Each structure stands twice: as C-alpha cells, then as structure tokens.
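These notes are about the structure you will find just below.
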Amino acid sequence: MAARMDDLLEQWAALWGAGMAQVWRSYTAAQDAIRATGRTLVGQTPARLVHAEGSLRLLRYLPQTETQRPVPVLCVPSLINHYYVMDLAPERSLAGALLRRGLDVYMLDWGVATAADRARPLDAYITGLLGRCVEVARRESGSESVALLGYCMGGMMAAAYTVLAPDRVAALVNLAGPVNYHDDGIYSVWTRPEYLDVDLLVDTLGNIPAELLNFTFHMVRPSDELLRALDYWERRDDPAFTRIFAAMQLWTRDPTPFPGEAFRKYVKDLYQRNALMDGTFTIDGQPIDLARITAPTLTIAARRDHIAPWESVAVLHERISSADRQLIVLESGHIGMVVGSDAGTQLWPQLGAWLAQRSS
C-alpha cells in the first residue's frame, strides 16, 4: 500500500509540475507583452502639466463636472512609486472618483530619481519640491490653501508639511502612511540597525537602485508571484480582468530609485530611531510635532496592510490636535484599498465625501 501511495504521489507531482510549467510560461509571456506596451495602459485620466522641476511633474486633472469645489486636492504619492497607482485605469482611478465629486485634483509625480538627486535630503523634498507644488496649486486654483492627500510614504510627508505650513493646508488625509515605525511589520524588522547599515549602503550605491527595492518588495511575500500566475491562468480569457491585471503588473514592476540622502534620513530617523514618535524628527531644523496639526484630518488604514500595519497608521489620529478628525480602518490591503475591486465601494465614496465637505 505504501509503495502504491508513493507511485501515486510521484505521478501527481509530475502532472502538477507539467501543468504549472504551462501556467508559468503563459504568465511570463503575458509579462513580456505588458512590458512592451510601456505606460500606455495607465494614467489615462486627462490632465495638463502645470509645473515641472527636474524629474518632478505636477499635473492638474481636467474637470469632469460643470462646477468644481474651490479648495484643490493635491495628491502626494510615495517617493519611490509612480503616481499612477492613483490613476491606474479608467475603471480603477482614485483620481477619477474624486473628479466626479467636483473636486479640483492635482497629482504630484516625483518622476525617476537620477544621479543629480542623490544629494537632495528628505527635507528638500518636503519643504522644497512639495512646498513649491502647494504654491503652484494655490496660484492655479486661486485658493489660499489646499487639501493634502498623502499615500504611503506620501502620508508622512504631507503630515510633516502640515506641521510646518499650517496656513497652507485646509485638510489632511493620511492614506496608509505609517507614523509609528517600530511596529510588527516586516520592514520594521529588516531595517533594524543590526541588520541594515544604512550609511554603508548609501555611501556605496548612492541612490538605492529600483531593482534592489523591487527585490525586497517581492521578498516580503514571495508566494504572491505564484498566486498571481495561477489567477492569471484561470481568468486569462476575461478582457476586463486582463486589462486591470496588465496595469497592476506594470505598476508593481515599475519602482523608482530611492534618492540616497533621502533614504539615509528616512530609514535612520524613522525606521531605526522612530523619531516621529518620540518628537525628535526634524525637517529643516524644525521639530515635527504632530500635536501641532489642527487642520481637519482623515486617517485611513487597512487591516490587511503588510507594508504599513494599520496600527502604525492609526497613531496619527491619536497624536494630532484637530477637533475635526476621523479614523477609517478598511478590511483591505495596502494596494488593494486604492485599486482593488472593492475600492469603488469602500475607499472612494468615503474619501470623496469627506474631501468634498471640506473643500468648499
């Protein structure tokens, strides 16, 4: 009986291996086709360029309603991911959902860091580049202040800017941006000083290569690649699925280098010292005391977020002094909350309604 079972298991393994090889070949062929399309699949919501500085661009989306609310919304993505995750496809566009609410939406596109960006400190990204984008949005819209919508790392940057320039921020949204960096997430472990010599890495590489960042992202949950291949195989004949699949695959394989000096401060001050929590984090020599935030603030976290655990995001709600503040915890993941199949019924309506009420 045991020998017979061994034979059956061997046959099953051979059949599974042959089948999986076919699945994987189909999946890799799809990846090649996606890369060949470039970025023609993503970022399709009509917009015009209103500011450019180095690799940075500031886009102002064209209105989709007869009238627009006077206070503009400036979207601030992560420094190391392309902005179009918030404008992935026409049917999966957070920017589009906000436009349909009558909001005046601007998008900060950090672009791709070059050797010229290696020495630019994190401070200059917040008070310099982000600050100048705020000024452009104020001038273009004629509004005295803007609503900042920061996603992931952009949430921390938007919060820091709000502390430094409270008169220019009408409202703040922190969308999955960690505040407590000493959490139970994998990145908190990997970046500990005993595991990561930040100075050696930056002094050796300069900008942290996109390929290295992408490798670490995939190593967090290595089985995801296999699950995506199986999902693609089962649904490859569904045009609606393959369109979104292609756009999402393009974004997940399209990170940008992390500017060297910005990486040095970001990891050493926040991940290794947790300086934002103990009050020692500074930008341009000014302490970033979250209690100084009094603007209306919405904090949105995702319970299945493996990049920014929801508790580390929700801390902002506790630390600020805003009388008008709200915390939303979604049953979703870090990326799925923005572009997942249920984003249109979960995140977008709540976020759009909150911003619309505070952009009058």
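Looking at residue 217, is it without any contact (Cβ under 8 Å) to a residue 40 or more places away in the chain, outside any loop (DSSP other than H, G, I, E, B) and among the aromatic types (Phe, Trp, Tyr)?
The answer is yes for residue 217.
Residues in the stretch 36-61 that are hydroxyl-bearing (Ser, Thr, Tyr) and closer than 22 Å to residue 102 by Cα: 45, 61. The single condition among (1) over 16 Å from the mean Cα position of the chain (by Cα); (2) surrounded by 24 or more Cβ atoms within 10 Å (Cβ to Cβ); (3) within 30 Å of residue 242 (Cβ to Cβ) that residue 86 does not satisfy is (1). Filtered by the rule that a residue be of a type in the set (Gly, Ala, Ser) and not in a loop (DSSP other than H, G, I, E, B), the stretch 271-310 gives 275, 291, 301, 302.
Is it true that residue 183 is modelled with pLDDT of 95 or more and of a type outside the set (Val, Ile, Thr)?
Numbers: modelled with pLDDT of 95 or more: no; of a type outside the set (Val, Ile, Thr): yes.
No, not satisfied.
Tell me whether the stretch 175-187 contains one or more residues that are surrounded by fewer than 18 Cβ atoms within 10 Å (Cβ to Cβ), over 22 Å from the mean Cα position of the chain (by Cα) and either free of Cβ contacts under 8 Å to residues at least 60 places away in the same chain or farther than 30 Å from residue 357 by Cβ (or both). Looking through the stretch 175-187, none of the residues is surrounded by fewer than 18 Cβ atoms within 10 Å (Cβ to Cβ), over 22 Å from the mean Cα position of the chain (by Cα) and either free of Cβ contacts under 8 Å to residues at least 60 places away in the same chain or farther than 30 Å from residue 357 by Cβ (or both).
Contact annotation: residue pairs with Cβ atoms under 8 Å, 6 or more positions apart or on different chains, pairing a residue in the stretch 338-360 that is farther than 20 Å from residue 78 by Cα and touching a residue at least 60 places away in the same chain (Cβ under 8 Å) with a partner that is buried (at least 22 other Cβ atoms within 10 Å of the Cβ) and among the acidic types (Asp, Glu), are 359/104.
Taking the conditions exactly as written (touching a Leu at 6+ places or on another chain (Cβ under 6 Å), part of a helix (DSSP H, G or I) and crowded, with 17+ Cβ neighbours inside 10 Å), does residue 161 satisfy them or not?
yes
Checked against (1) over 24 Å from the mean Cα position of the chain (by Cα); (2) surrounded by 11 or more Cβ atoms within 10 Å (Cβ to Cβ); (3) not in a helix (DSSP H, G or I); (4) not acidic (Asp, Glu), residue 192 meets all criteria but (1).
For every residue, the table says whether it meets (1) assigned to a helix (DSSP H, G or I); (2) under 26 Å from residue 98 (Cβ atoms).
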residue: 269; (1), (2): yes, no
residue: 312; (1), (2): yes, yes
residue: 315; (1), (2): yes, yes
residue: 327; (1), (2): no, yes
residue: 333; (1), (2): no, yes
residue: 338; (1), (2): yes, yes
residue: 348; (1), (2): yes, yes
residue: 355; (1), (2): yes, yes
residue: 359; (1), (2): no, yes
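For first residues located in the stretch 159-171 and farther than 14 Å from residue 137 by Cβ, partners that are hydroxyl-bearing (Ser, Thr, Tyr) and part of a helix (DSSP H, G or I) and lie 6+ apart or on another chain with Cβ distances below 7 Å form the pairs 164/127.
Of all the residues that make up the stretch 137-155, how many are surrounded by fewer than 19 Cβ atoms within 10 Å (Cβ to Cβ) and more than 18 Å from residue 293 (Cα to Cα)? Write out each step before concluding.
Within the stretch 137-155, the subset surrounded by fewer than 19 Cβ atoms within 10 Å (Cβ to Cβ) is 138-140, 142-144.
Right, trim to more than 18 Å from residue 293 (Cα to Cα) and you get 138-140, 142-143.
Of the residues in that region, 5 qualify.
Just one of 170, 113 is among the small types (Gly, Ala, Ser) and closer than 26 Å to residue 40 by Cα; which is it? Criteria check complete, one pass: 113.
Just one of 325, 304, 292, 319 is within 21 Å of the chain's Cα centre (by Cα) and under 27 Å from residue 188 (Cβ atoms); which is it? Exactly one residue qualifies, and that residue is 304. Tell me yes or no: at least one residue of the stretch 289-303 is at pLDDT below 95 and surrounded by fewer than 15 Cβ atoms within 10 Å (Cβ to Cβ). Taking every residue of the stretch 289-303 in turn, none turns out to be at pLDDT below 95 and surrounded by fewer than 15 Cβ atoms within 10 Å (Cβ to Cβ). May I ask you to verify whether residue 57 is in contact with a strand residue (DSSP E or B) (Cβ under 6 Å, 6 or more places away or on another chain), modelled with pLDDT of 90 or more and within 30 Å of residue 113 (Cα to Cα)? In short, yes.
Only one of (1) within 24 Å of residue 113 (Cβ to Cβ); (2) free of Cβ contacts under 8 Å to residues at least 24 places away in the same chain; (3) of a type in the set (Val, Ile, Thr) fails for residue 252. Which number is that? The failed condition is (2).
For every residue, the table says whether it meets (1) more than 21 Å from residue 300 (Cα to Cα); (2) of a type in the set (S, T, N, Q); (3) within 23 Å of the chain's Cα centre (by Cα); (4) not in a helix (DSSP H, G or I).
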| position | (1), (2), (3), (4) |
| --- | --- |
| 125 | yes, no, yes, no |
| 136 | yes, no, yes, no |
| 139 | yes, no, no, no |
| 148 | no, no, yes, yes |
| 155 | no, no, yes, no |
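For the structure I just gave you, tell me whether residue 80 is in contact with a strand residue (DSSP E or B) (Cβ under 6 Å, 6 or more places away or on another chain), of a type in the set (A, V, I, L, M), surrounded by 15 or more Cβ atoms within 10 Å (Cβ to Cβ) and modelled with pLDDT under 95. The answer is yes for residue 80.
The values are calculated or read from the model by the stated rules, or taken from the named source; none is laboratory data. What you see is a predicted model, and the numbers here were worked out from it, not measured in a lab. As a convention, Cβ positions derive from the backbone with ideal geometry for all residues, glycine included, and neighbour counts pool all protein chains shown.
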